[in-house]
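The values are calculated or read from the model by the stated rules, or taken from the named source; none is laboratory data. What you are looking at is a predicted structure, and each value in this text was computed from that prediction instead of being measured. As a convention, Cβ positions derive from the backbone with ideal geometry for all residues, glycine included, and neighbour counts pool all protein chains shown. Heavy atoms of the whole protein, side chains included, go into the accessibility calculation; ligands, DNA and RNA do not. Shrake-Rupley method; radii C 1.70, N 1.55, O 1.52, S 1.80 Å.
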Amino acid sequence: MEHDPYQPISCSAYDIYEIAIMRNQCLDMHWRQGEMEMTERVRPRALHIHDGAEYLIFSIDTTAEQRQQVRLDHIISSRIIEP
């Protein structure tokens, strides 16, 4: 398997995730998951760092109890959903 080094994201993109977490807002998010691309409405829960890479912990909005994570540099696009 080819090594996929982490590519830091912009501060403004990181701010979007922090704001959504603080305000408990959903995101329309599009990301890479292995060879697939995913698009879902998600609820961000937390940000964390592991092995030098930053991750977003989230739940799919309809299944709040099941948490997933995505490396921030694998997120293709995201947009805060206004209430």
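Would you work out what percent of the accessible area of the chain, with all protein chains in place, is carbon or sulfur (probe 1.4 Å)? With neighbouring chains kept in place, the figure for the chain is 50 percent. Database remark: amide H of L47 closer than 5 angstrom to the amide H of I57 (H placed geometrically; neighbours at sequence offset of 5 or more, or on other chains; Pro and chain starts carry no H). Take the Cα radius of gyration of the chain and divide it by 2.2 N^0.38 Å, N being the number of residues; the result is 1.04.
Based on protein heavy atoms only, the chain ends up with 68 Å² per residue of surface accessible to a 1.4 Å probe. Simple point charges give the picture: +1 on the Cβ of Lys and Arg, -1 on the Cβ of Asp and Glu, and for the chain a dipole about the Cα centre of about 300 debye.
Note on the stretch 1-80: dipole from Cβ charges, positive end direction compared against C26, A53, C11; the farthest Cα belongs to C26.
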